[in-house]
Structure formats: C-alpha cells, structure tokens
Amino acid sequence: MEKGTNKTGTKVVKHLKLIIVNRVISAAFLPALLFICTSGQQKPPRKNEGNAKEAKAPMLKHEYAEVNGQRLHYVTAGKGKLIMFVHGFPEFWYEWKNQLAEFGRDYQAVAPDMRGYNLSSKPVEVDQYQIKYLVEDLRALAEKLGHKKFILVAHDWGGAVAWAFAIAHPDYLEKLVIINAPHPGVFQRELRDNPAQQKASQYMIIFRSAQAEQTLSANNYATLVEVVLGAGLKTGVFTEADKQAYIEAWSRPGALTGGLNYYRAARVGPPTGDDKQATNFAAGLGSLEVKVPTLVIWGEKDTALLTGNLEGLDKFVPNLTIKRIADGTHWVIHEQPTLVNEYIREFIKSK
C-alpha cells in the first residue's frame, strides 16, 4: 500500500470504510459532551447531556499513576468500591464519560487511557503491547488505587484484555462486564471455522500492516473522522469540539501506532496465506476458563464481531449472563447508555 493518491492506497481506504463504517457510523450516538483542553491537558466535560441527574454528577478528575513501568493517565470520579472501565480501539478514556458520571455517584469509577493511547506512555517496541503486559497494567493500577478487589467493565480491545485479566487473576475481580468483545477461545474458533467472521475481520490484517498509520492519519485523520464521527457531526450529536478532542488524542506522538500495536503484538485476525492458524490473543494463559461472575452485553448488529461469538461461551464461562440488544451495534455503549448502565447496575448488585 502506498500513499492515498495511488490505486492501492485508495483501495485500502475504501476497504477500511466498508468494514469500519458499518461498525461505527451505524451508531446513533448520544449528544456528546463539551470537551475542553487547556495547556495541552484535557479537562473533564462541563456537562453530561445524556444524564437526567446532571446537576448531581460527580466531578471528573484527571490523574496519573506510575505502574508496571508505564505512566498511565486516568480519569476518576466518586469514591468507594472500585469499578474500572477499559476502552478499545480507536477510543480513549472519553468513551466512558457517561459511565463515569453515572457510577461515580456510588463507586470510585476509573477510566484509564490504556498504554499506547492519548496521555499514557507509548512504548516503541511492539512486543510491549502483548496481552500479559496490558493485564499487568490494570492489576497494578487497581493496587495503586488501593483496591485488591474490583469490578471490571470493558469494550472491544479493552474487553480482550479484561477477558485475559479474569482468566489470569480471578481473585482480583468481584464481577466482570464485557461489551462486544469476544472471549479468546471462542474468537479463535470463529476466526478458524466461520467464513462470515473471517470476512468481517479482514480489517485486522490491514491494521497490522506497516501502512496502517499512513492510511488512517492522512489528511488530518480524515478516514477516522469520517468513520467515527462523520454521521454524528452531520446530525449534531457530535460537535466540532468533540472532533478536535478525538483528533488531539489520535495525533499525540505515537498514539495511533500504540493502538495499532495491540493488533500487531497479538497477531490477531483471520487466517492468511502466510498464517493459516487463527490467533488466540490470550495465548500462554493456559486454561481459558473464566471463574468470575460475568455479564456479556452484546449489540447484535455489530458487523465486525458477529453473534457467533456468543455461541458456546458458557463452556468457558460457567457463571454467565448474556444481555442481547437487538438494535445495538458495536458501539452500543454510545447508542444506549441508559440501558447499558441499567444492565450493569442490575448485574453488579445481584448476588
């Protein structure tokens, strides 16, 4: 793949749009929050338009923690038991702004920028993005915050890390909540045996390529802006301030590469001519059984992670609750935050 003006580059962009647009633009996002940046430091939104109890929303605080050899930026709200929210690609802590406002009322709600993203450290070496290091980041952050037992909520790549965390450290978790993120054992099966999932995951091969940064960052991140924010900007659910916040996060030195390195380090994706074996992104963890009460929320219109990822999940997760949202996409967190929050609250309060 070359630069955007040649035929190969144009083909890649079109392919990305066909795949990612279905993931992203199909979402009817909530009215976005105003995002203010002062002297390069992101500040919390002044208002949460998606929450009826706006006046009582807790203050969002931006903090840093030195853990596992990394400097992680995180946003925290409230106090009490820890509930940690982990974002996926290509988002950052901002994905969870509505959940921070909601759960910060009665928990210490924390949303980190994962390593490689936004204001957190961005190791140069690809192997520093292996799952085992990402899991340790979360464990070390929880302990730094003074918690050895907490609730973990995660989406997309954050969900991949959360599955691995629950497998490796069940003793740290009170409950696990996964939103549109496949279990490693099930996803390996789907990538190996399901042609539909193989087709839906072709973008992963592109994301692992050396040309991915060039393709996604061309013309001031025009492709990412279009697929992530395009529809919302047209309908008014995203503002120009939101657009600038995302561009700022993506354009921090090393940030786009950091996010893409998750795909590269795990070599996750459908089998190719060079790699006929589908990847288990949690390879090396031994047993893939999850010994933690788990809620899986799944937007069934997700065109990148198909509902086949729910089939046979109970074989890996004995204590499992599944909530399907028929009209939700991969981005159901943004589309239906009230329903998602209700499902999370109901689950974490249950015995």
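The values are calculated or read from the model by the stated rules, or taken from the named source; none is laboratory data. Nothing here was measured: the structure is a model prediction, and the numbers come from that model. Reconstructed Cβ throughout: ideal geometry from the backbone, glycine too, with neighbour counts over all protein chains shown. To get the accessible areas, we keep the full protein, side chains included, count just its heavy atoms, and leave off ligands, DNA and RNA. Shrake-Rupley method; radii C 1.70, N 1.55, O 1.52, S 1.80 Å.
Residues in the range 142-167 that are assigned to a helix (DSSP H, G or I) and at pLDDT below 95: there are none. Suppose we filter the range 206-216 for residues that are in contact (Cβ under 8 Å) with a residue 24 or more places away in the chain and surrounded by fewer than 18 Cβ atoms within 10 Å (Cβ to Cβ); how many remain? Residues flagged as in contact (Cβ under 8 Å) with a residue 24 or more places away in the chain and surrounded by fewer than 18 Cβ atoms within 10 Å (Cβ to Cβ) within the range 206-216 amount to 4.
Among residues of the range 105-131 that are over 17 Å from residue 62 (Cβ atoms) and open to solvent by 20 Å² or more (accessible area, probe 1.4 Å), those with a beta-carbon under 9 Å from a residue that is part of a helix (DSSP H, G or I) and charged (D, E, K, R) at least six positions away or on a different chain give the pairs 105/56; 126/264. In this structure, residue 207 does not qualify as of a type in the set (Phe, Trp, Tyr) and modelled with pLDDT of 95 or more.
Given the residues 320, 295, 313, 288, which is the only one that is open to solvent by 10 Å² or more (accessible area, probe 1.4 Å) and touching a residue at least 60 places away in the same chain (Cβ under 8 Å)? It is 288.
Only residues that are among the charged types (D, E, K, R) and in contact with a helix residue (DSSP H, G or I) (Cβ under 6 Å, 6 or more places away or on another chain) were counted across the range 181-217, and they come to 3. Restricted to the range 218-257, and to residues there that are among the hydroxyl-bearing types (Ser, Thr, Tyr) and at pLDDT below 95, the residue that is most open to solvent (accessible area, probe 1.4 Å) is 235.
Just one of the numbered conditions (1) open to solvent by less than 50 Å² (accessible area, probe 1.4 Å); (2) touching a Ser or Thr at 6+ places or on another chain (Cβ under 6 Å); (3) under 27 Å from residue 94 (Cβ atoms) is not true of residue 301: (1). Taking the range 134-152, which residues are open to solvent by 30 Å² or more (accessible area, probe 1.4 Å) and of a type in the set (Gly, Ala, Ser)? If the condition is that a residue be open to solvent by 30 Å² or more (accessible area, probe 1.4 Å) and of a type in the set (Gly, Ala, Ser), then 146 is the only one that fits.
Test residue 280 against the criterion of being under 19 Å from residue 86 (Cα atoms), open to solvent by less than 50 Å² (accessible area, probe 1.4 Å) and in contact (Cβ under 8 Å) with a residue 12 or more places away in the chain, and give yes or no. Taking the combined requirement at face value, the residue does not satisfy it.
When we screen 263, 246, 221 for residues that are within 23 Å of residue 182 (Cα to Cα) and among the aromatic types (Phe, Trp, Tyr), the only hit is 263.
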